[in-house]
Ligand SMILES: Cc1cc2nc3c(=O)[nH]c(=O)nc-3n(C[C@H](O)[C@H](O)[C@H](O)COP(=O)(O)OP(=O)(O)OC[C@H]3O[C@@H](n4cnc5c(N)ncnc54)[C@H](O)[C@@H]3O)c2cc1C
């Protein structure tokens with residue numbers, strides 16, 4: 001028997017669940033389909049949430065841990081402490097956060113179908129049919145390699161960073177006031193490596209522009225002076241692609257729309273996409289609701305106008321893809337202009353630190 005919905009969402013992660021909750025609260029009949037067996041499974045992200053997202057969304061404090069500063073290391077191990085007044089990042093218990101978001105979407109009235117993979121559908125004038133499901137509108141929130149984008153011939157991500165992370169039992173010696181970032185073209189060409197004092201765990205990871213090889217062993221050796229690497233007890237491993245080419249060129253069609261990583265809504269410089277996934281997940285719900293209910297402006301047209309452009313960040317991404325030699329990073333990283341640039345990247349337009357991290 002065909003089940004009829006106003007909105008079907010492929011992908012039950014940040015973008016899809018934010019969209020589902022908001023659309024269901026606004027009265028739409030919503031279904032979420034996700035291939036993974038349960039919301040907390042197959043985590044791919046470090047899960048650092050920027051302050052802007054914490055301001056915009058009420059995320060449960062028990063699943064988060066605030067970190068106020070960034071310690072940025074040059075390849076020669078000199079370091080720079082960065083912060084901004086009132087600013088913080090939040091590390092998160094990712095499986096817990098995903099389960100909480102799924103519960104919230106279900107509580108709002110959305111139907112969640114985990115363990116259900118999207119592999120195609122038929123778009124026609126009045127909606128989309130996928131086997132036994134009919135929806136008036138379909139949202140593709142299915143991540144960097146979106147099957148929805150591919151199937152409906154929408155814009156697809158072409159450029160990626162590749163990321164890899166291990167989550168370990170809390171590691172002694174890690175200064176937990178900072179997210180530790182390592183600029184090193186030998187270990188993480190085109191991006192950085194990181195150590196995050198997370199929620200009940202330490203996260204150690206790195207990313208690089210594809211097709212570079214990720215040198216996790218090199219990173220662990222590099223961390224030796226800073227933490228007790230020999231005592232590492234790995235709890236889980238995560239890896240995934242991060243779109244780095246900006247927003248895709250075709251965000252939707254008459255009855256289908258892309259959001260989150262599927263739409264390329266990820267900062268090409270920092271690789272951060274959680275805030276945009278949450279923001280545009282919710283926005284998509286509002287736009288679709290207005291369109292279906294009151295025949296408002298087409299949601300894809302509205303989304304195209306609102307989507308981030310990332311113009312300067314795309315230029316900077318091209319420079320980063322060149323993976324400057326470590327000697328150059330050593331020479332430049334501690335200079336005033338680089339400090340200002342790093343401050344802007346991590347803390348956006350906010351001012352210099354007034355906070356003291358002296359122990
Ligand atoms: C290693 C790594 C570290 C990162 N760290 C950070 C960070 O610290 N902070 C930050 O802001 N961003 C980070 N990012 C980016 C961030 O994870 C993404 O921008 C964010 O998860 C995007 O959310 P999304 O909902 O759009 O997609 P995703 O989180 O990728 O979710 C897509 C969902 O779609 C489902 N799916 C996929 N295909 C199908 C299908 N065919 N049928 C059904 N379901 C399907 C998947 O199971 C998944 O649940 C990181 C990324 C990686 C890879």
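List of remarks:
- Within region 308-359, if we keep just the residues that are modelled with pLDDT of 90 or more and in contact with a helix residue (DSSP H, G or I) (Cβ under 7 Å, 6 or more places away or on another chain), the residue that is nearest to residue 185 (Cα to Cα) turns out to be 332.
- Restricted to strands (runs of 3 or more DSSP E) entirely inside region 22-133, those with at least 3 residues that are surrounded by fewer than 22 Cβ atoms within 10 Å (Cβ to Cβ) and within 12 Å of the ligand (Cβ to nearest atom) are 111-114.
- Cross-chain or 6+ apart pairs with Cβ under 8 Å, region 228-242 first and at pLDDT 95 or above, then within 16 Å of the ligand (Cβ to nearest atom) and assigned to a helix (DSSP H, G or I): 242/261
- In region 225-258, residue nearest to the ligand (Cβ to nearest atom) [restricted to those that are within 12 Å of the chain's Cα centre (by Cα) and surrounded by 24 or more Cβ atoms within 10 Å (Cβ to Cβ)]: 242
- Within region 1-21, if we keep just the residues that are in a strand (DSSP E or B) and within 16 Å of the ligand (Cβ to nearest atom), the residue that is surrounded by the fewest Cβ atoms within 10 Å (Cβ to Cβ) turns out to be 5.
- Where residue 170 falls short, out of the listed (1) outside any strand (DSSP E or B); (2) within 14 Å of the ligand (Cβ to nearest atom); (3) within 20 Å of residue 95 (Cβ to Cβ): (2)
- Taken over region 259-274, the criterion of being in a loop (DSSP other than H, G, I, E, B), buried (at least 24 other Cβ atoms within 10 Å of the Cβ) and within 9 Å of the ligand (Cβ to nearest atom) is satisfied by 259, 265, 266.
- Here residue 193 fulfils each of the conditions (1) in contact (Cβ under 8 Å) with a residue 40 or more places away in the chain; (2) closer than 18 Å to residue 244 by Cα apart from (1).
The values are calculated or read from the model by the stated rules, or taken from the named source; none is laboratory data. Everything numeric here is computed off the predicted structure, so don't read it as measured data. All Cβ positions, glycine included, derive from the backbone under ideal geometry; neighbour counts span all protein chains shown.
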